[in-house]
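Every read-out reported here was derived from the displayed coordinates using simple, explicitly stated rules and does not represent laboratory data. Worth saying up front: this structure is predicted, and the values here are computed from it rather than measured. As a convention, Cβ positions derive from the backbone with ideal geometry for all residues, glycine included, and neighbour counts pool all protein chains shown.
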Amino acid sequence: MSLTTSRPTSDSTPFFSDDSEAEEQGGGAAGQRPQEEPASGVSHVRALLTVFILFFINLLNYMDRFTVAGVLTDIENYFGIDDGKSGLLQTVFICSYMFLAPVFGYLGDRYNRKLIMSVGITFWSAVTLASSYTPKEHFWALLLTRGLVGVGEASYSTIAPTIIADLYVKGKRTNMLSVFYFAIPVGSGLGYIVGSQVGRVTQDWHWALRVTPGLGVIAVLLLIFVVKEPKRGAIEARPEHHLHQTSWLADLRALSTNHSFVLSTLGFTAVAFVTGSLALWAPTFLFRAAVFTGEKEPCVEGNCASSESLLFGIITCVTGILGVASGVQVSRQLRKKTARADPLVCAAGLLLSAPFLYLAIVFAQTSTIATYVFIFLGETFLSMNWAVVADILLYVVVPTRRSTAEALQIVISHLLGDAGSPYMIGVVSDSLRKTDSFLWQFRSLQLSLLLCSFVAVVGGGFFLATALFIEKDRHRAENYTFSLFLLTDDEPIVVPKSGRSTRVPVSSVLI
């Protein structure tokens, strides 16, 4: 099998070759390879270890991201900032993460992914540690370092799923992606827990930001010495076909006309908006609700670590595991009845989460127990999307465009989703607040968070629209993968199996 990914090809490059020509040109190399060696070039044991190492790194990324939310009240008191500026902590991180994702997506489709991730995680660990030494009078320095954290995460998030895609196919790929995406809710929950508990034990929120950098060093060592770079697309290709690289602009054109990719990305944007808002503001909202109902005393100064961050972290871990697992299982069962199962499951997850999140926000002023129950249900349904959305992208996009597609999905979902949603919620809260009383601190944030339910419903609509195109786009991607490069409209050129392949420029092919 021949796999070319180092450079784009010209119009005169053959689309594919038949078996006889492959034998003539390849000298029977494919037949000489040991039969026990997987097509990806990575052993089964190492492939499994790779997935768990990627899971571990993803876990660290989300732990660090939400550690800030676990100590947000402490940070607000330490720097003397309002809700709007607090929201900027998440926004600056997401913005740098978002704008650099296409860069790493481009690199990930063309260069050694293991090396790119190793450098990125090393940089991430360094700036995360630096952010914990921000002096009290320089809030801008905390914003800067938190923004730079996004650089390291962009290098990882765009590439890791494509490595899993090159190690597994079909049902195994879905299972391994679910393992990988378990890290999102579990890591997020651990971030709240670690942030609040380390801050409580040390009486200093700075120490909460010093936990993940050391673990990041371990992650880099595991990447270097255990992970092996798999061959791009080899596990999905047929022996008689060759994969060739297209230009970045050609990739963008193809992705922009892929209806399933575009619509599922917009649906995932709604997921990002809701999760981004809740991730930063839910613990603070729950604490203000407890103050409003008289269950807690207001935190004016000193260490503000509260049980709300711990409880919300536990809920996030549990609901994430339940949501991801149930989403994968429901999708697997529904696929037996319809090929549109995946987008329908995603739509159901968002549409079912919307009313429960609404009830959680409304009941916060009257019943703490009801609030946590509704949050549990809402987050469970919301988490059903993670692994399923990733699987949709991987089977409607060809291997040589997957890192670029991952990057575009990150850019769009964050640009319109959680890049602005935490800041937006904070600004709306500040604008609705009539006084600085504890009553209005709670009420204004409560009203602003109601936006999440509306956005969830809109996202469900996008996934329903995805279901209309998913079968066609998956079929086109499979043809593309096995028939190689396509014309501008992404329709495969069909050449009879028998006989020799035809080497002609694209511009001279008349259909």
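Rounded, prolate or oblate: pick one for the range 349-429, where a ≥ b ≥ c are the square roots of the eigenvalues of its C-alpha gyration tensor, a/c under 1.5 means rounded, and failing that, prolate if a/b is larger than b/c, else oblate.
Because a/c hits 1.5 or more and a/b fails to exceed b/c, the range 349-429 counts as oblate.
Amide H neighbours of S43 under 5 Å, counting only residues 5+ apart in sequence or on other chains, H built in-plane at 1.01 Å?
Here nothing satisfies the definition.
Across 10 Å bins from the origin, how do the percents of Cα pairs in the range 296-445 run, short distances first?
10, 26, 35, 19, 8, 2
For the range 367-382, in order, what is each residue's ³J(HN,Hα) by Karplus, 6.51 cos²θ - 1.76 cosθ + 1.60 with θ = phi - 60°, in whole Hz (x at glycine and Pro)?
9, 5, 4, 4, 4, 5, 5, 5, 4, 4, 5, x, 5, 4, 5, 5
Assuming 0.36 nm per residue, please report the length gained on full extension of the stretch K472 to H259 beyond their Cα-Cα distance.
Values: separation 213, 0.36 × 213 = 76.68 nm, distance 0.94 nm.
Fully extending the segment from K472 to H259 adds 75.7 nm.
Residue by residue through the range 96-102, which ³J(HN,Hα) values in whole Hz follow from phi under the Karplus form 6.51 cos²θ - 1.76 cosθ + 1.60 (θ = phi - 60°), with glycine and proline marked x?
For the range 96-102, the Karplus-derived couplings read 5, 4, 5, 6, 8, 4, x Hz, x marking Gly and Pro.
Calculate, for D204 and I369, the FRET efficiency according to 1/(1 + (r/R0)^6) with r their C-beta to C-beta distance and R0 30 Å; round to the nearest 0.05. List each step's numbers first, then the result.
Details: r = 32 Å, r/R0 = 1.08.
That gives a FRET efficiency of 0.40.
³J(HN,Hα) across the range 331-345 via Karplus (A = 6.51, B = -1.76, C = 1.60, θ = phi - 60°), whole Hz, x for Gly/Pro?
Values per residue, Gly and Pro as x: 4, 4, 5, 6, 4, 5, 9, 8, 6, 9, 4, 4, x, 5, 5 Hz.
Would you mind computing Rg(Cα) / (2.2 N^0.38 Å) for the range 37-493, counting N as its residues? The partial results should precede the final answer.
Details: Rg = 21.6 Å, N = 457, 2.2 N^0.38 = 22.6 Å.
Relative to the rule-of-thumb radius for its length, the range 37-493 sits at 0.96.
Arrange the peptides 249-261, 177-189, 444-456, 58-70 so that the one whose residues have, on average, the most other Cβ atoms within 10 Å appears first. Walk me through the intermediate numbers first.
Numbers: 249-261: 18.0, 177-189: 23.9, 444-456: 20.4, 58-70: 26.6.
Descending mean neighbour count gives 58-70, 177-189, 444-456, 249-261.
If I take R0 = 60 Å and measure r between the Cβ atoms of F52 and F79 in this structure, what FRET efficiency does the formula 1/(1 + (r/R0)^6) give, to the nearest 0.05?
On the way: r = 38 Å, r/R0 = 0.64.
With a Förster radius of 60 Å, E is 0.95.
Quick check for you: which residues of the range 57-92 have the amide N under 19 Å from the point 7 Å beyond the Cα of I218 toward its beta carbon?
57-67
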